[in-house]
1. Quickly rank 80-86, 54-60 as a protection proxy: mean count of other C-beta atoms within 10 Å, highest first.
2. Given a Förster distance of 30 Å, report the FRET efficiency between GLU106 and THR44 from their Cβ-Cβ distance, rounded to the nearest 0.05.
Amino acid sequence: MKSDRYNSRGIGIHNPQVAVADLATAKTIRSILAPIYPLTKGITNETVQRCTRAALSCIGYLEDPLPSPLRSRFGLADLQEAIANIHFPKNQERLKHARDRLAFDEFFYLT
């Protein structure tokens, strides 16, 4: 039996935590909202954020499987934007827009 942290397709994220960064930190990470990741002993949240930012530098290679007309019809962000903003949104609106897109993907692929 899978725990609450898993969904039918694998690991999921439930009740993510975010912190509102101070202005000095926000300039460093280029985001006002910063994710707080579950950590393993010896790894800091800053390390995970740095690794996440490095991984995000490669998202330009992702091809969005949803066609532009479909995204426009439902007001959805493109995949690259959604992935970047789910981790380091500049504001609550961008975070919501990213969550909406990723939630749409989950339901779209389940049906």
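The numbers here are math on the coordinates, done by the rules we state, and not lab data. Model, not experiment: these values are computed from the prediction. Because the Cβ atoms are built from the backbone with ideal geometry, glycine has one as well, and the counts that use them run over all protein chains shown.
1. Highest to lowest by the protection proxy: 80-86, 54-60.
2. Plugging the Cβ-Cβ distance into 1/(1 + (r/R0)^6) gives 0.50.
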